[in-house]
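Chemist: Supplied in structure tokens, the structure appears directly below.
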Amino acid sequence: MNDTILLDPTAENAPAQRARLARPDSLEGKVVGLLDISKPRGNVFLDRIEEQLAALGITVNRYSKPTFTRPAPTALKQQIAAEVDVLVEGLAD
Amino acid sequence: MTTPPPDGLIVVAKADCPTCRLVEPLLTELADAGPLQVYVQDDSDYARTLPGTRYDDTLEHSWRLDTEFVPTLIRMEQGREVSRTYGWDKAEWRAISGLSGLGEELPVMRPGCGSKTLEPGIAERLELAFGDVQLKSREIDVSAEDDAIEACYARGWSDGLPVVPPTPVRVLRMLKGTTRDPQEVVGLMPPDLVSCTVEKVAINAVMAGCKPEYMPVLLAALEASLEDDFGLHGLISTTMFGSPMIVVNGPIAKAIGMNSGNNALGQGNRANATIGRALQLIIRNVGGGRPGEIDRAALGNPGKYTFCFAEAEDSEWLPLAQERGIAAGRSAVTVFPGEGVQGIIDQKSREPESLARSMAESLRAVDNVKLAMAGDAVLVVSPEHARIFIEAGWSKQRLRETLEQLLMAPGEKLLVGAGGIAEGIPARFKDKQVPKFRPGGLLIVRAGGTAGLFSAIIAGWAASGPVGSAPVTREVR
């Protein structure tokens, strides 16, 4: 059975495309996470962002994935979700 | 193809059908005698040399000709079908073709094969592609996602358990369970008060795991829930526990295989489980009643996944639906704003007086022993307990009246502050005898397995009657 088309079970009051979470208006009082995916020199980029955020008085937590070749381990995702309000991830080298 | 097929003869055939192969040599003779259209349902060399042969790859022609068997022989005149036969029947083929010597060397008769249009899953696909049915719901393409079940979760359509992805074919199949038009509006679904069509009901029924034959019960339960007396809007929104619970009476319960026996209030029966769940999914998806949003329940109850069972009807006790005005032999649903299940264990009473007192004392716990005329309650009496009353000649009505008498309490004991408990009823009841339940607020249903001297209390919403919710019974049609 072709499962790629589903009929909407809702009152269709929300857009079919799921919206991304709204960006915060300001980082004031927020905790920002920086996720290093463990690609070479990603740390250079993230170090610079940390410097700039720290200069604004924003709390920064650093995280890194064991390897860029796989999705982040569940425990790491849960840890990040519990500890930060916003996450910045460097995707490429 | 909206124009009718051409006049003359039409043969619908399948190459892998031995009877179609049997008649294949005769087709040349038919073509020589007049116009002949041959539709072949499978890709092959069947009757390839004839100019009128066409590979019906989409099966549209076969479907429009309402083909059930192959071979099928049809004669069209002036755009209308005038005769038809199927399989090989020498006399019929000769009569329809007008060729008196047709198939002389063939046997008198050979049955055919089933048409490809009727293979499982194909018929609904063809109806969606070529039929009149129009599903209006928005189509969501989830092809980019790994798994349709996960896509349903991601869109917030699930109660927490996996749902069956509502594909158009599944929804069409579900709609076969009712004669009602898919676009008919069943009612305004709270809390968002949006029109709920039969089609939306069917989509949510698919997701809940219903079979099409459950649709009449589900539609009746939804209509009952939408009656003003039931107060569904408030029930969805309340901080308290309740949610629609469905009790089914009458022949439909057996017809669709509902459970009224062992573990009747528990898991394991598809009809019980999925009808109750479908109603909850409609509340969630169509009405927008999601927990933590409009659904403000502080604790909720497990019945908010699903809560639906059938009464174990007994000739000696009037079934709930009949007590509530439905004619004997008819099927009906009763919706009740149920909380969870509280057991009554009494393994020692052998006399109805003792058992009734035992039940009455247990019923005092509904809402709070110090509250009265707040929530309704359903008393589910198991067969072993019911037998004690029935053998003593007690009708359901007599049991209810006895319980109501036993549950009268001196107001002073229930007052705010009495017994060192702040909760209680207002001071104006001080010198009165107070009933536990409002008139009509105690319902009795017989259900359960045949072993176990237990019954159960299902408390209702503490806002009962006109200020909140009253049970509603509706015939299943």
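Chemist: For A:9-22, what's the mean count of beta carbons from other chains sitting within 10 Å of each residue's beta carbon?
Modeler: 5
Chemist: If you don't mind, there's one more thing I want to ask. Tell me, what is the percent relative contact order of the range B:8-130, built from C-alpha pairs under 8 Å that lie six or more residues apart?
Modeler: Computed value for the range B:8-130: 27 percent relative contact order.
Chemist: Net charge within 15 Å of B:Phe241 by Cβ-Cβ distance, Lys/Arg positive one each and Asp/Glu negative one each, not counting B:Phe241 itself?
Modeler: -2
Chemist: Also, quick follow-up: With a 10 Å Cβ neighbour count serving as the proxy for reagent exposure, in which order, fewest first, do B:His61, B:His385 appear?
Modeler: B:His61, B:His385
Chemist: Could I ask something else about it? Pairs B:Lys370/B:Lys396; B:Lys370/B:Lys432; B:Lys370/B:Lys413; B:Lys348/B:Lys413: which are spaced more than 19 Å apart, C-alpha to C-alpha?
Modeler: Exceeds cut-off: B:Lys370/B:Lys396; B:Lys348/B:Lys413.
Chemist: Which shape class applies to chain B: rounded if a/c is under 1.5, otherwise prolate when a/b exceeds b/c and oblate if not, where a ≥ b ≥ c are the square roots of the Cα gyration tensor eigenvalues?
Modeler: Cα axes put chain B in the prolate bin.
Chemist: How crowded by other chains is B:141-148, given as the mean number of beta carbons from other chains within 10 Å of each beta carbon? Don't jump to the answer; show the numbers that get you there.
Modeler: Working: counts 4, 4, 4, 1, 2, 0, 1, 6.
Mean partner-chain Cβ count within 10 Å for B:141-148: 3.
Chemist: All other residues with a Cβ under 14 Å from the Cβ of B:Val70 taken together, and with Lys, Arg as +1 and Asp, Glu as -1, what is their net charge? Walk me through the numbers on the way to the answer.
Modeler: Numbers: positive: B:Lys14, B:Arg21, B:Arg84, B:Arg110, B:Lys116; negative: B:Asp16, B:Glu24, B:Asp42, B:Asp56, B:Asp66, B:Glu68, B:Asp89, B:Glu119.
Neighbour charge sum, excluding B:Val70 itself: -3.
Chemist: With N set to the residue count of the protein assembly as shown, report its C-alpha Rg divided by 2.2 N^0.38 Å to two decimal places.
Modeler: Here the Cα radius of gyration is 1.34 times the empirical estimate.
Chemist: List the relative contact order of chain B as a percent without decimals, with contacts defined as Cα pairs under 8 Å and 6+ residues apart.
Modeler: 13
Chemist: Tell me the relative contact order for the range B:82-149 as a rounded percent, counting alpha carbon contacts under 8 Å between residues six or more apart. Each step should come with its number before you reach the end.
Modeler: On the way: 36 pairs, mean separation 15.6, N = 68.
Here the relative contact order equals 23 percent.
Chemist: Something else now. Would you mind pulling out the separation of the Cα centroids of the range B:436-477 and the range B:273-313, in Å?
Modeler: Distance between centres, Cα-based: 17 Å.
Chemist: Just want the answer: with Cβ charges of +1 for Lys and Arg and -1 for Asp and Glu, which residue in B:Gly114, A:Phe45, B:Ala321 is farthest toward the dipole's positive end in the protein assembly as shown?
Modeler: So the residue furthest toward the plus end is B:Ala321.
Chemist: Return the long-range amide H neighbours of B:Ser115 (sequence gap of 5 or more, or a different chain), with a cut-off of under 5 Å between placed amide H atoms.
Modeler: So B:Ser115 has HN proximity to B:Phe69, B:Val70.
Chemist: Then there is this: Per DSSP helix of 4 or more residues, -39500 (n - 2.57); summed, then divided by the residues of the protein assembly as shown. What does that give at 222 nm, rounded to the nearest 500?
Modeler: Theoretical 222 nm ellipticity from helices: -8500 deg cm²/dmol.
Chemist: Next question, about the same structure. So, by mean Cβ neighbours within 10 angstrom, what's the order for B:295-307, B:221-233, B:128-140, B:71-83 with the highest one leading?
Modeler: Per-residue Cβ counts within 10 Å, averaged per peptide and sorted highest first, yield B:221-233, B:295-307, B:71-83, B:128-140.
Chemist: Across peptide B:200-206, how many C-beta atoms of other chains are within 10 Å of each residue C-beta, on average?
Modeler: 3
Chemist: Follow-up. Distance between the C-alpha centers of the range A:21-93 and the range B:136-201? Whole Å please.
Modeler: First find each Cα centre; the distance between them is then 38 Å.
Chemist: If the cut-off is a Cα-Cα distance under 30 Å, which lysines reach B:Lys176, setting aside same-chain residues fewer than 8 apart in sequence?
Modeler: Once the sequence-local lysines are set aside, what remains near B:Lys176 is B:Lys14, B:Lys116, B:Lys136, B:Lys200, B:Lys211, B:Lys254, B:Lys304.
Chemist: Could you pull out every one of the lysines with an alpha carbon less than 23 Å from that of A:Lys39, ignoring same-chain neighbours closer than 8 positions?
Modeler: A:Lys65, A:Lys77
Chemist: What percent antiparallel are the DSSP beta bridges of the protein assembly as shown, to the nearest 5?
Modeler: Values: 46 of 76 bridges.
Once the DSSP bridges in the protein assembly as shown are tallied, antiparallel ones form about 60 percent.
Computed from the coordinates by the stated procedures, all read-outs in this text should not be read as laboratory data. On a predicted model such as this, the values are computed, not experimentally measured, just so you know. Here Cβ is always computed from backbone atoms with ideal geometry, including for glycine, and neighbour counts include all displayed protein chains.
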